[in-house]
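Working notes, beginning with the structure itself.
The values are calculated or read from the model by the stated rules, or taken from the named source; none is laboratory data. All of these numbers come straight from a predicted model, not from anything done at the bench. Positions of Cβ are generated from backbone atoms using ideal geometry, with glycine treated the same way; all protein chains shown enter the neighbour counts. Areas reflect the complete protein model, heavy atoms only, side chains present, ligands, DNA and RNA absent. Shrake-Rupley method; radii C 1.70, N 1.55, O 1.52, S 1.80 Å.
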Amino acid sequence: SSDFSSFGTTKEFLPDYNDFYNRLKKDDLPKYQKQFHEFLHNSVKDDIINFNQFINNAKEDIENAVEYLNQNLRAITYQQNPDTYLSLKCERAKDTRIDEFNRRLHASIPDAVRIQMQDTDYEEELFSQIKGFLESLKENENLRSWVLDIRNWFVFAASENYASDGAQKQYYSDSASLSGGEKAKLTYTILASAIAYQFGINRAGSSFRFVIVDEAFSKSDIYNSEYAMRLFKQIDLQLMVVTPFDKINIVEDYISSVHLTENKNTNDSRLLSMSIQTYKSEQQAATM
């Protein structure tokens, strides 16, 4: 250390070392011990408690969001004859990484009584716990990013229930076993509910609700495509649908205007706009 740079290495310099030691023991060390305990009481303790509260709030936000989504899904008919509806399931994931994170986090949360008693041994043990916990997160960036994304703390699924009595008809843990049309229908239903949540459509006051759907029906059958349009209408979205001309019949009953584009020579783009009533009249006249 530079504090010893002026000290010699022979025995006549021993008094200098003794003076330095006594000054460190009587003056500096108590001062740093006091700073340490103040830091632990006034900063570290509150920070770790606030961090734990942040984790709990994030978990609660996800559970509340799922509950809100289910309120919207309950009003959407998923299948008819008999009517069913979807309900999202949100369960805590069983993962060793999350378990270890929780174990170390909870071990780092101060015991209010022992902190108030200023138990020096406990405070030093607590500081070591917190230091080890933070270092474990710092050492592995991928683990830190994964475990702090609270969505990974949950396993999500969907249950199809009968509207008459709420009994479960089918459980969807994933979409691997579903056909393309069934996957699209499941996706559309959850998406509609999520849009309602994101835009706050069911809350008091006005909200922005403009959505662009780009070639969403290219791989869907007519039934599922019309189902999607009914969904978007049900939650009162302002919708722009981008679709090939041969799919326009799917959306005719759900739109108010049509904008046709063409570029025959690849260098002369044209846009023709008309109301849906005019479009239908032109189509009818063309087939006569």
remark   = Across segment 236-261, the tally of residues that are at pLDDT 85 or above and charged (D, E, K, R) stands at 2
message = I'm checking my understanding of the structure. Among residues of segment 71-101 that are acidic (Asp, Glu) and part of a helix (DSSP H, G or I), which one is surrounded by the fewest Cβ atoms within 10 Å (Cβ to Cβ)?
response = ASP99
message = Just to be sure I understand, how many residues within segment 102-123 are surrounded by 15 or more Cβ atoms within 10 Å (Cβ to Cβ), among the small types (Gly, Ala, Ser) and free of Cβ contacts under 8 Å to residues at least 40 places away in the same chain?
response = 0
request  = Go through segment 255-288 residue by residue and tally those that are among the small types (Gly, Ala, Ser) and surrounded by 10 or more Cβ atoms within 10 Å (Cβ to Cβ).
outcome  = 5
task = Would you confirm whether any residue within segment 259-271 is in contact with a His (Cβ under 8 Å, 6 or more places away or on another chain) and more than 20 Å from ALA196 (Cβ to Cβ)?
result = yes
request  = Take segment 237-252 and flag every residue that is loosely packed, with under 13 Cβ neighbours inside 10 Å and assigned to a loop (DSSP other than H, G, I, E, B).
outcome  = PRO244
ask   = With ASP61, ASP47 as the choices, which residue is open to solvent by 60 Å² or more (accessible area, probe 1.4 Å), modelled with pLDDT of 75 or more, part of a helix (DSSP H, G or I) and under 30 Å from SER87 (Cα atoms)?
value = ASP61
note = Of PHE20, PHE7, the only residue that is modelled with pLDDT under 85, touching a helix residue (DSSP H, G or I) at 6+ places or on another chain (Cβ under 6 Å) and open to solvent by less than 90 Å² (accessible area, probe 1.4 Å) is PHE7
